[in-house]
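Remarks on the structure that follows.
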Amino acid sequence: MDRRLTALAKAHGVSTWYEDWRHRRVEVAPETVVGVLGLLGVDATSPTAVADALAAARAVDRSALPATVVLTHGATRALPGPGVVTLEDGGRRAVDSELPGDLPLGWHRLSCAGREVTLVVVPRRLPVPPHTWGWMLQLYALSSERSWGMGDLGDLADFTGWAGATGAGLVLLNPLHAVGPAHPVAASPYSPASRRFVNPLYLRVSDTAAYTAADPATRAVVDALRPDRGDLIDYDQVWTAKRHALELLHPYAQPVDLDADPALASFATWCALAERHGNDWRAWPAELHHPDAPAVAEQRRQLADRVAFHAWLQHLCDEQLDAVTAAARAAGMPVGVVHDLAVGIDPGGADGWQLADVLAQGVRVGAPPDDFNQLGQDWGLAAWRPDRLAATGYAAYRDMLRRTLRHAGGLRVDHVAGLWRLWWVPPGGGAAEGTYVRYDAEAMLGILALEAHRAGAVVVGEDLGTVQPAVTRGLRGRNMLGSTVLWFARDDQGDFVPPARWPRNALATISTHDLPTAPGFLTGEHVRVRDDLKLLDTDVAVERARAVADRERLLTMLRTERLLPDPATAPDPATAPDPATAPDPTTAPDPAAAPDPAATSDPALDRQAPTAHDGEVVVAMHAALAASPSRLLGVSLYDVLGEVRQPNLPGTVDEYPNWRLPLPSGVAQIRADPRVARVVDLLNTARPRPGDARPARPRSGDELPARPAED
């Protein structure tokens with residue numbers, strides 16, 4: 001690559017090479033670098049353009065104040081001259097040639113050397129998270145007698161109250177981000193139209209004040225719209241029914257003041273336009289491509305009823321999420337509900353329309369090739385432009401975090417390494433034909449810490465796979481947690497490591513939504529389904545043998561750690577019939593105890609005798625979680641209830657029912673399930689919850705403990 005192009009790329013945070021999963025240096029193609037620079041507004045299409053752009057980059061005064069100054073509380077920063085800090089509460093402080101370390105936390109303005117810039121004072125670190133456990137929940141998969149075809153916020157409030165009352169300290173959710181209102185309804189919670197607003201599919205219609213205020217005849221019509229739960233979740237059916245019901249109830253609702261929340265007004269306008277023109281604003285008439293366009297104002301006037309309707313839906317979401325938060329607090333949960341923040345957005349969605357000025361237009365976020373995805377990954381998501389974020393004081397990033405955290409006791413950040421760098425794929429390129437673009441990690445992480453501190457929330461970063469050491473250090477230094485998954489807790493030989501060696505500064509789980517469930521792993525379902533869908537890149541016999549070997553490695557670790565009886569030295573409860581496991585014509589079979597016929601029909605996946613019963617192994621896996629030092633433990637209902645199918649199968653779209661699998665039991669059945677009770681008892685014994693209620697949220701100016709969490 002031309003050295004001038006290399007220098008230009010470095011000046012704008014664009015990588016010209018990277019280290020792959022095998023720790024080998026990979027050179028990025030020059031045309032990729034040129035394409036990504038173009039997405040940042042830098043012309044590098046010719047030698048002359050490169051020379052001009054490089055000269056402009058070198059002419060920037062490095063001593064001048066940046067557009068946004070992020071200062072860690074307690075630290076100082078030199079200034080180019082005297083200045084004035086206007087605090088967010090309206091107070092003013094004169095400063096000489098240095099920003100002092102005692103400025104209060106918050107969003108301020110700094111006037112200095114003829115410029116006025118945003119000044120953000122962020123905490124050194126968050127409080128140390130508690131040692132507790134909780135449930136990981138795909139909310140759509142819940143069901144009850146009152147929900148409509150999928151789990152809703154009423155189910156979540158009921159489940160959270162029960163979970164807290166039985167010892168759980170948290171409930172970790174899938175993203176509840178908004179999707180487009182037009183059909184077909186997007187199933188994936190990780191490709192949202194907006195990360196700032198909530199998906200009204202999760203509303204419980206009968207828990208609204210409008211339902212209570214409606215006359216009996218209207219309520220009867222609404223009740224008759226309720227769809228039953230099918231074998232798979234039908235989002236289009238659910239949305240059709242709920243939208244109709246809520247439209248019938250809207251006349252009974254109090255109006256929402258749109259002037260008080262311009263962002264909500266703009267989002268509701270996008271929803272109304274999407275109903276008329278489709279969910280992708282890029283396919284709308286050109287005059288509607290910008291929220292401030294005169295044509296948009298005219299459409300907003302014409303569609304005033306629909307704008308008001310969609311704003312009301314968000315008001316209902318806020319009310320019902322408040323009820324969930326209240327349930328968690330009433331139950332004394334030390335953390336509460338942990339929301340999930342997707343790594344990006346659908347570029348054609350509401351945020352892509354409203355926040356276009358701070359997004360890289362045309363980029364697709366993904367990941368480079370690795371051992372599991374050798375062609376790379378293209379997630380089709382939009383990305384922040386780091387330069388535009390800084391130029392606008394990170395306001396869009398701040399507002400997104402605030403809206404999510406106002407209902408959260410914690411926040412899981414998907415692909416947290418994206419706060420440091422993201423894999424950008426330019427238009428026309430394949431997933432492997434991208435490169436990394438750097439972000440200001442101190443700003444991104446610091447602002448996250450500030451907003452989480454103000455919300456009294458813990459932060460969990462999803463840092464699985466190959467991540468830079470700076471990511472792990474950055475999380476640990478601010479008392480934010482990483483992620484540990486049993487399937488990945490292995491040594492260089494592929495053996496499972498004892499849970500005592502798992503990191504302390506982490507949320508530990510058995511699996512994730514993208515990996516096999518515990519019963520699926522034990523039965524080899526992950527091999528069977530990928531073979532059926534032609535997703536294997538090796539011979540199926542090799543994959544079956546690997547599955548058997550992995551199972552044996554897991555059993556070896558569990559037995560070595562005395563979490564599972566050794567059949568050579570102790571009676572194995574799975575080898576002798578007993579009331580819990582033996583077939584009984586008068587008793588319904590236990591779905592966790594029953595082998596999956598599809599998984600056991602192949603001799604290569606037959607379990608080696610003698611082994612423990614699959615249900616006993618699943619309990620032993622949870623005992624491994626309980627034996628780890630990790631601060632938070634996450635338990636999946638899919639694992640405990642014996643579900644062999646994983647919620648999402650990467651590499652598929654319509655071939656597999658991604659995000660549409662309901663849990664095999666409803667909320668009432670979950671409460672009464674002896675398998676659930678057994679795991680609850682195990683974890684409560686390992687992680688007894690203090691009797692004290694959760695401490696009050698800190699005031700915005702409070703400083704935090706200086707001690708970082710131990711690793």
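The values are calculated or read from the model by the stated rules, or taken from the named source; none is laboratory data. Owing to the predicted nature of the structure, the values given are computational and were not obtained by experimental measurement. No Cβ is skipped: glycine too gets one built from the backbone with ideal geometry, and neighbour counts run over all protein chains shown. Remember, those area values only see protein heavy atoms, side chains included, never the ligands or the DNA or RNA. Shrake-Rupley method; radii C 1.70, N 1.55, O 1.52, S 1.80 Å.
By how many degrees, 0 to 90 and rounded to 10, does the Cα axis of helix 235-249 deviate from the longest principal axis of the chain?
70 degrees
Based on the Cβ-Cβ distance from Ala165 to Ala94, what FRET efficiency comes out when R0 is 45 Å, to the nearest 0.05?
On the way: r = 54 Å, r/R0 = 1.20.
Computed FRET efficiency for Ala165 and Ala94: 0.25.
Give me the net charge of Ala274's neighbourhood, meaning all other residues with Cβ under 14 Å from the Cβ of Ala274; Lys, Arg count +1, Asp, Glu -1.
Net charge around Ala274: +1.
Leaving out ligands, DNA and RNA, and with a 1.4 Å probe, what % of the accessible surface on region 1-66 is carbon or sulfur?
53 percent
Can you give the FRET efficiency for Ala64 and Asp514, using 1/(1 + (r/R0)^6), R0 = 45 Å, r = Cβ-Cβ distance, to the nearest 0.05?
Rounded to the nearest 0.05, the efficiency is 0.50.
What is the extension gain from Ala113 to Thr212, computed as 0.36 nm multiplied by their sequence separation minus the C-alpha to C-alpha distance, in nm to one decimal?
Roughly 29.7 nm would be gained on extension.
Give a residue-ordered list of calculated ³J(HN,Hα) values for region 200-208 (Karplus: 6.51 cos²θ - 1.76 cosθ + 1.60, θ = phi - 60°; whole Hz; x for Gly, Pro).
Taking θ as phi minus 60°, the curve returns x, 4, 8, 5, 9, 4, 6, 9, 9 Hz for region 200-208.
Roughly how many debye, to the nearest 20, is the charge dipole of the chain about its Cα centre, given +1 on each Lys and Arg Cβ, -1 on each Asp and Glu Cβ, and no other charges? Mind showing how you got there, number by number?
Working: 69 positive and 88 negative charges, 430 e Å.
So the magnitude is around 2060 debye.
Can you give me the accessible area per residue for region 238-294, using a 1.4 Å probe, in Å²? Intermediate results must be reported in sequence, preceding the final value.
Numbers: 2770 Å² over 57 residues.
In whole numbers, region 238-294 has 49 Å² accessible per residue.
Leaving ligands, DNA and RNA out of it, report the carbon-plus-sulfur percent of the accessible area of region 326-392 at a 1.4 Å probe.
Carbon and sulfur together cover 55 percent of it.
Where the centroid of each part is defined by its Cα atoms, how far is region 1-77 from region 402-464 in Å?
Value for the Cα centre distance between the two parts: 20 Å.
Taking the solvent-accessible surface of protein heavy atoms with a 1.4 Å probe, what is the per residue accessible area of region 1-43 in Å²? All intermediate terms of the calculation are to be shown ahead of the outcome.
Details: 2400 Å² over 43 residues.
Counting only protein heavy atoms, the per-residue value for region 1-43 is 56 Å².
Which residues does a label at Asp531 reach in region 634-673, if reach means a backbone N under 18 Å from a point 7 Å past the Cα toward the Cβ?
644-646
Counting other C-beta atoms within 10 Å, and keeping those with at most 15, which DSSP coil trypsin sites (Lys or Arg not before Pro) do you find in region 121-216?
Those satisfying the criteria are Arg146.
Fully extended, how many nm does the chain gain between Val84 and Arg226 (0.36 nm per residue separation, minus their Cα-Cα distance)?
Residue separation times 0.36 nm, minus the Cα-Cα distance, leaves 45.2 nm.
Contour minus end-to-end for Ala500 and Asp318, with contour as 0.36 nm per residue of separation and end-to-end as the Cα-Cα distance?
Length gained between Ala500 and Asp318: 61.4 nm.
If r is the Cβ-Cβ distance from Ala11 to Ala672 and R0 is 45 Å, what FRET efficiency results, to the nearest 0.05?
So the FRET efficiency works out to roughly 0.10.
Tally up the carbon and sulfur contribution to the accessible surface of region 470-510 as a whole percent, 1.4 Å probe, everything protein left in place.
Of the solvent-accessible surface of region 470-510, carbon and sulfur hold 46 percent.
For Ala508, which sequence-distant residues (separation of 5 or more, or a different chain) have an amide H within less than 5 Å of its own amide H, given hydrogens modelled in the peptide plane?
Thr484, Leu632, Leu633, Gly634
Averaged per residue, what accessible area in Å² does region 78-119 show with a 1.4 Å probe, protein chains only?
That works out to 50 Å² per residue.
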